[in-house]
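Reviewing the structure listed below.
The values are calculated or read from the model by the stated rules, or taken from the named source; none is laboratory data. Note that the coordinates shown come from a computational prediction; the quantities given were computed from them, not determined experimentally. Because the Cβ atoms are built from the backbone with ideal geometry, glycine has one as well, and the counts that use them run over all protein chains shown.
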Amino acid sequence: MGFLILTIHRGSHEIGGSCVVLESGGQRLVIDLGLPLVERDGSPFDAGQLQGRSVAELQEAGILPGIAGLYDEDGLDQPLGVLLSHAHLDHHGLIDYLRPGTPLWCGTATRELIEVGAFYSHHGRTDTFDRLRHEVIEDRKVFSIGPFEVTPFLMDHSAFDSYAFLIEAGGKRVFYSGDFRAHGRKSRLFADFVAKPPQEIDVLLMEGTTLGGNDRAPGPARSEVAIQNEIKEACQATSGPVLVMQSSQNIDRLVSVYKAVRDSGRALVVDIYTAEIMANLAKGNPRLPHPARSFPLVRVFFTKKTTGKVFTEGQNERAYRFVPFKITRDELEGAPGKYAMIVRASMRCDLEPLKGLEGGLVIYSQYRGYLQQPSLRDFIAFTEARGMTFKPIHTSGHADRSTLNRMVKALSPRHLVPIHTFAPDVYSEFGVPVLCCTDGQKVLI
């Protein structure tokens, strides 16, 4: 009988910065390499501190996990590669620092989301996947990495193309939940999983985002369908324009908003960043709403910031492809009650000169904790000064207590390991032995 060594480099007592290493037969496999969301003292993490610092300095500061050979091109003891669960920064945000040629396993859509996000945002390199060796994973298609046998399981989560992993090595079976839920538009995935789960799990590393802290509700989560219906009702009750504040990478929410807006007799307006995400993902998922003749109620507004970036970078085609679906300021002002627009705080300069905002509605559809950010507070204050009403309509991208319990009961692990949570002490309520690790601790399985 062999053995397996587990090390959580970050995430044992916090949400964000997820990074796990499994070791068997002298070989190591990394799972996720996320950007921290909080400092060690619990204060918000400032990603600006990454700028201008070397790998050694970032490791010394405790930002980059201290994993030998992961960043050094000349290192002899290099890990086999990195498994990425999904395209949220707190799971992939440090992959830019990987040594060139590092194998990186993730879904095709995950790569798409990371690359588009890197181009339009201030975080990440646009050539990361060109420098690395991308290996595509698919739902339940088993593959081997050295001594590790990996089975990906596509999961319901607010991030599109999210995976959990069954990893077998040294005669042991570890299940890494990634981020998941059972109340999204892909709830069928979780239902199918618990109906026929993998067996004989030695260790379950399970996220617990909703287990306490920062207004994370203890009760059942609302479904995406319920969110869709509430947004539809809000649009129907509003005579003016509707602005929706949500992540452009939350595809479930984009679909919910699109259907709600369509059914309330409005067009959905997006900028070219959101349009590019929708159009690129629709290549493999043509039923997803996107700017196309088959979705006449999806229109594209050319905002100053994203359009300016495209032309400054010489990437003109990224904008030109959406010209047939363009909506102008005159059209928006001429029929303010006939559209709903996906917005971000950075779009304030585009909204300030827009007439007809009075009597409109701002739907806030993301984590409430972000409202502490000065840019969001200023944006909300701007819309209220223009006579718009603020209304939160949101549900979590993570599993509620009931769903977490269903995961544990389905897998019946010998040990449960908390990860991606501020409340590891709560895990004892799930009725199986809990192994609370500390960051950097090596645990023999």
The one condition in (1) outside any loop (DSSP other than H, G, I, E, B); (2) surrounded by 23 or more Cβ atoms within 10 Å (Cβ to Cβ); (3) in the same structural domain as Pro413 (by TED's automatic domain parsing) that Arg253 fails to fulfil: (3)
Residue count, region 7-20 (criterion: surrounded by fewer than 23 Cβ atoms within 10 Å (Cβ to Cβ) and touching a Leu at 6+ places or on another chain (Cβ under 7 Å)): 1
Pairs with Cβ under 7 Å, 6+ apart, first in region 10-26 and within 22 Å of Val150 (Cβ to Cβ), second of a type in the set (S, T, N, Q) and buried (at least 24 other Cβ atoms within 10 Å of the Cβ): Arg10/Ser18; Gly11/Ser18
Matching residues, region 359-373, being assigned to a loop (DSSP other than H, G, I, E, B) and either closer than 26 Å to Gln236 by Cα or modelled with pLDDT of 95 or more (or both): Gly359, Gly360, Ser365, Gln366, Tyr367
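Yes/no matrix, rows are residues, columns are (1) out of contact with any Gly (no Cβ under 6 Å at 6 or more places or on another chain); (2) in a loop (DSSP other than H, G, I, E, B):
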site: Gly2; (1), (2): no, yes
site: Val30; (1), (2): yes, no
site: Leu58; (1), (2): yes, no
site: Leu64; (1), (2): yes, yes
Where a residue in region 343-356 is within 13 Å of Arg329 (Cβ to Cβ) and in the same structural domain as Val270 (by TED's automatic domain parsing) and its partner, wherever it lies, is of a type outside the set (Gly, Ala, Ser) and surrounded by fewer than 14 Cβ atoms within 10 Å (Cβ to Cβ), with Cβ under 8 Å and at least six apart: Cys349/Lys304; Asp350/Lys304; Pro353/Arg329; Leu354/Arg329
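Give the number of residues within region 276-296 that are more than 19 Å from Asp161 (Cβ to Cβ) and not charged (D, E, K, R). It would help to see each step written out before you state the result.
Residues of region 276-296 that are more than 19 Å from Asp161 (Cβ to Cβ), as a first pass: 291-296.
After this cut, where a residue has to be not charged (D, E, K, R) as well, the list is 291-292, 294-296.
Of the residues in region 276-296, 5 are more than 19 Å from Asp161 (Cβ to Cβ) and not charged (D, E, K, R).
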Of all residues in region 406-445 being closer than 15 Å to Phe175 by Cα and in a helix (DSSP H, G or I), the one that is nearest to the chain's Cα centre (by Cα): Met407
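If you take the residues in region 259-276 that are under 17 Å from Ile393 (Cβ atoms) and surrounded by fewer than 24 Cβ atoms within 10 Å (Cβ to Cβ), which one is nearest to the chain's Cα centre (by Cα)? Before the answer, list the steps.
Within region 259-276, the first condition is being under 17 Å from Ile393 (Cβ atoms), and the residues that meet it are 259-264, 266, 268.
Pick out the ones that are also surrounded by fewer than 24 Cβ atoms within 10 Å (Cβ to Cβ) and you get 259, 262-264, 266.
Working: Lys259: 21, Arg262: 25, Asp263: 27, Ser264: 28, Arg266: 28 Å.
Here the answer is Lys259.
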Residues that are without any contact (Cβ under 8 Å) to a residue 40 or more places away in the chain, of a type outside the set (S, T, N, Q) and not in a loop (DSSP other than H, G, I, E, B), drawn from region 136-151: Val136, Phe143, Glu149
Residues being without any contact (Cβ under 8 Å) to a residue 12 or more places away in the chain and either under 17 Å from Leu243 (Cα atoms) or assigned to a helix (DSSP H, G or I) (or both) - total across region 289-314: 3
Filter result (small (Gly, Ala, Ser), surrounded by 15 or more Cβ atoms within 10 Å (Cβ to Cβ) and outside any helix (DSSP H, G or I)) within region 319-338: none
Members of region 102-132 found to be in contact with a strand residue (DSSP E or B) (Cβ under 6 Å, 6 or more places away or on another chain) and outside any helix (DSSP H, G or I), listed by number: Pro103, Leu104, Trp105, Leu132
